[in-house]
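Q: One structure, as C-alpha cells, below. Some questions next.
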Amino acid sequence: MESLLPLALFAFVSSITPGPNNIMLTSSGILFGFQRSIPHMLGITVGFGVMLALCAAGIGSVILAVPAIHIVLKVLGSAYLLYLAWQLRSMAFRQDQQGSARPMSFFGAALFQFANPKAWVMAITGASAFLPLVQPVWFAILLFCTVFCAINLPCIGLWAGTGAALRRYLAQPQWQRLFCAVMVLLTIYSAIAIWL
C-alpha cells in the first residue's frame, strides 16, 4: 500500500494542471455556474475512471503499440478543441443569451475523455507506473481507479468553482471580451500542444 502516496501525488498533479477538461470547466462555471456544471464534472470523472480501468487492464499498451490509433486520437482531440475555440470566440455571459445554451452533458463529458489526449497520457502513464502491486489484479485496478478518481473530482471541481467565482466579475463587456480572448488562446494552445 506504500504505492498509494506516489499514485495520489501523480493523480493530483495531473488533475490540477491546465488541460482541455479544466479549460472547459472554467468556461462552464462562468457561463452556467457551479451547480449546473456538476454533470459535466461527474461525466469527466466517470469517463476517465473507465479509461483508467481499460488502461490498467492493458488497452493502453495496445494504443501505444499502434501508432495509427494514437494519431486518430490526436486528430479527434485537436479538432474538438479547435471547435471549442471557435465557439468560445463569441462567448457571452448575458442572461438573455444563455437561454439556448446548455452546459456539457454527463455523457458528452464522459465520451470526450476518449478523444482527450491528455486524459490518455494520464491514464496510460498512471497505469504503467502507479498500479498498486496487490492481488487479485481486479482489486489493484479498482484501488487504482478509486484513488485517482477521488483526487480527480475535487481538482476539476476547483476549476469549475473558479469559473463560477469569476462569473460576477465578468458582467462588463470589456472583461467578457478579454476573458474570451484568453480562453480562445488557451484552447488553441491545448489543440497545438497535443502534437508537441
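The values are calculated or read from the model by the stated rules, or taken from the named source; none is laboratory data. What you see is a predicted model; the values in this text were computed from it and never measured. Cβ: placed from backbone, ideal geometry, glycine included. Neighbour counts: every protein chain shown.
Q: Only residues that are in a helix (DSSP H, G or I) and out of contact with any helix residue (DSSP H, G or I) (no Cβ under 6 Å at 6 or more places or on another chain): list them for the stretch 43-67, please. Don't jump to the end; show me each part of the working.
A: Within the stretch 43-67, the first condition is being in a helix (DSSP H, G or I), and the residues that meet it are 43-56, 59-65, 67.
Those that are in a helix (DSSP H, G or I) and out of contact with any helix residue (DSSP H, G or I) (no Cβ under 6 Å at 6 or more places or on another chain): Val50, Leu54, Ile59, Ser61, Val62, Leu64, Ala65, Pro67.
Q: Counting only residues that are touching a Ser or Thr at 6+ places or on another chain (Cβ under 9 Å) and small (Gly, Ala, Ser), which one in the stretch 5-19 is modelled with the highest pLDDT? Step through it out loud before you land on a result.
A: Start the filter on the stretch 5-19 by keeping residues that are touching a Ser or Thr at 6+ places or on another chain (Cβ under 9 Å), which leaves 10, 14, 18-19.
Pick out the ones that are also small (Gly, Ala, Ser) and you get 14, 19.
On the way: Ser14: 89, Gly19: 83.
It comes out as Ser14.
Q: Do we have Ala79 as out of contact with any helix residue (DSSP H, G or I) (no Cβ under 7 Å at 6 or more places or on another chain), part of a helix (DSSP H, G or I) and either of a type outside the set (Val, Ile, Thr) or at pLDDT 85 or above (or both) here? Full working, then the answer.
A: On the way: out of contact with any helix residue (DSSP H, G or I) (no Cβ under 7 Å at 6 or more places or on another chain): yes; part of a helix (DSSP H, G or I): yes; either of a type outside the set (Val, Ile, Thr) or at pLDDT 85 or above (or both): yes.
Yes; evaluated as a whole, the condition is true for this residue.
Q: Here's a follow-up. Scan Arg94, Arg102 and give me the residue that is modelled with pLDDT under 75 and at negative phi. I'd like the intermediate steps shown before the answer.
A: Values: Arg102 fails: modelled with pLDDT under 75.
The unique qualifying residue is Arg94.
Q: List, please: which pairs have Cβ atoms under 6 Å, are six or more places apart or on different chains, and start with a residue in the stretch 110-134 that is farther than 16 Å from Pro18 by Cα and end with one that is of a type in the set (Ser, Thr, Tyr) and in a helix (DSSP H, G or I)?
A: Sorted first by the residue in the stretch 110-134, then by its partner, the pairs are Ala115/Tyr80.
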